[in-house]
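Heads up, the thing below is written out as structure tokens.
Bear in mind these aren't lab numbers, they're just calculated from the coordinates by the rules spelled out. Just so it is clear, the model here is predicted, and its values are computed rather than measured. Here the Cβ positions follow ideal geometry from the backbone for every residue, glycine too, while neighbour counts run over all protein chains shown.
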Amino acid sequence: MLALNRLLGSALGKRGLLGSGLALASGSGGAARCSVPATTTSSRGKSTSKEAAGGGGAEDEFYQFRDQKIPYIQDLHIRDPSEVTSLPCFRVLDDRGKLISGCEKFELEKDLSKDMYRTMVRLQTLDTLFYEAQRQGRFSFYMTCFGEEATVIGSAAALETADHVFAQYREHGLLLWRGQTFQEFADQCYGNNRDFGKGRQMPIHYGRKDLNVHTISSPLTTQLPQAAGAAYANKLNGYDGITVAYFGEGAASEGDFHAAMNFASTLACPVLFFCRNNGWAISTPSDEQYTGDGIAGRGSAYGMPALRVDGMDAIAMYHATKTAREYIMEHKSPVLIEAMSYRSSHHSTSDDSSRYREISEMQAWKARDPVARFQIWLEDKGWWSDEEETEVRGEARKEVMKVLDAAERENKLPLREMVTDVYDEVPQHLEKQYQEIKKFAQENKHLFPNNVPIE
């Protein structure tokens, strides 16, 4: 556990910690090894000084600003970003799925590993068949998690169900891990009468109160300040859990990202900001999205501990999230994780990514498929066989096909549900609109969907 705690670096003062995390470094001859890079104190930490040579007290060498002592210097110098060392990227498995020498201490137990892998396989199957169903016109929209299965499942496995989640729209694997069924995913995408959201949301905009997953919202980055506020409220109420906000590197360019980070840092909110840096913000590549040391590099500017992880390594993702959660629970303050991954499919069913990136790029990244990497490690441990692989994938495919057919046969909710759940009693102006729509539907049934009860 001591080694895991060092993922976040050394704590200097109550909140003066900037974690670089465990890193994969190159030794002599290019050999891979696990190492712990040096950490830097947060700007919120206390500084100390020796007496100035030739007289004068320590107070003459520092500018006291609230809880900071900022040293004076006589060298006028603009610090170039290239002078700052980038945060390293922690990983346990190499690109071929082989355990990196020295990382044996990070291996997971057998049952947990197999549960994580099964969920990753089921997530792949769900995405494949739901994507195909949308292309057939069976429902209106879909987004996959291809290339990011380890990011989502690895982090989900390290969290507790009590932890409140504000997701973006590529984290449905977390719901799968927490127990949402294939049937419940299908009901939401079809918006039928069994949908928890009553058919009022776009497909894949899931939400589950019983699983502490807040309903997904389409506007970019709105979930981050909401998560900061929820975490602060939970802190005041003594809630035993953290808040997690998932987002992409594109969302980090929005103003809401900066507002959320600043609020969370200054109010010491127990929230995990989890960035999935998959290289593309729809059609905008990350090198056109920002300069500097990515997203994790911004943590120090807010006095927030941060670490960077190989998001395509399920084991590294699990340990990074678990360690971050432990730090948040202990210090009741935020942590920033940047998971480096790749979106190997289109942004959504409304997108054709071959128009803005080379096929060769997509193929190169698919060769590093996170599910295959985890499978290789499991096979090396003797914990997974070809027979199990065939069985899990075959059963998942049959189940998904079955639930799609079942969801499609279900009716929508009655027309009356259009005006419920906003006011305690339906106000007069909404009641008037409903009666007008109802009359139109009754007089023009040939124009109205036959699976929506009018009454």
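Among rounded, prolate and oblate, which fits the range 110-409 when a ≥ b ≥ c are the square roots of the eigenvalues of its C-alpha gyration tensor, a/c under 1.5 means rounded, and a/b larger than b/c means prolate? Note, shape of the range 110-409 comes out rounded.
Between the C-alpha center of the range 104-129 and that of the range 388-438 there is a gap of 30 Å.
Positive end of the dipole of the range 110-409 (Cβ unit charges, origin at the Cα centre): among S341, L224, A156, the Cα lying farthest that way belongs to L224.
Each peptide among 442-455, 289-302 gets the average number of other Cβ atoms lying within 10 Å of its residues, and from highest to lowest they stand as 289-302, 442-455. Among the GluC sites (Glu not before Pro) in the range 60-158, those located in a DSSP loop and surrounded by at most 15 other Cβ atoms within 10 Å of their own Cβ are E107, E109. With the charge dipole of the chain set up from +1 on Lys and Arg Cβ and -1 on Asp and Glu Cβ about the Cα centre, the Cα lying farthest toward the positive end among the listed residues P270, A441, F257 is that of P270.
May I ask for the angle, rounded to the nearest 10°, between helix 370-381 and the longest principal axis of the chain, with both axes built from Cα atoms and the value confined to 0 to 90°? So the helix axis and the longest Cα principal axis differ by about 70 degrees. Using only side-chain charges placed at the Cβ, +1 for Lys and Arg and -1 for Asp and Glu, the dipole size of the chain relative to its Cα centre rounds to 380 debye.
Selection among V392, G173, P414 by position relative to the dipole of the chain gives P414 as farthest towards the positive end (Cβ unit charges, Cα centre).
A simple charge model with +1 on the Cβ of Lys and Arg, -1 on the Cβ of Asp and Glu and nothing else charged puts the dipole of the range 383-427 at about 320 debye relative to its Cα centre.
Here the range 88-221 is assigned +1 on the Cβ of each Lys and Arg and -1 on the Cβ of each Asp and Glu. Its dipole about the Cα centre then comes out at about 360 debye. Relative to the dominant Cα principal axis of the chain, helix 386-409 is inclined by about 50°.
Peptide packing: for 182-189, 368-375, the average count of neighbouring Cβ atoms within 10 Å per residue gives the ranking 182-189, 368-375, highest mean first. Residue by residue, the range 219-228 carries 3J(HN,Hα) couplings of x, 5, 6, 4, 6, 6, x, 5, 5, 4 Hz when phi is fed to the Karplus relation 6.51 cos²θ - 1.76 cosθ + 1.60 (θ = phi - 60°); x denotes Gly or Pro.
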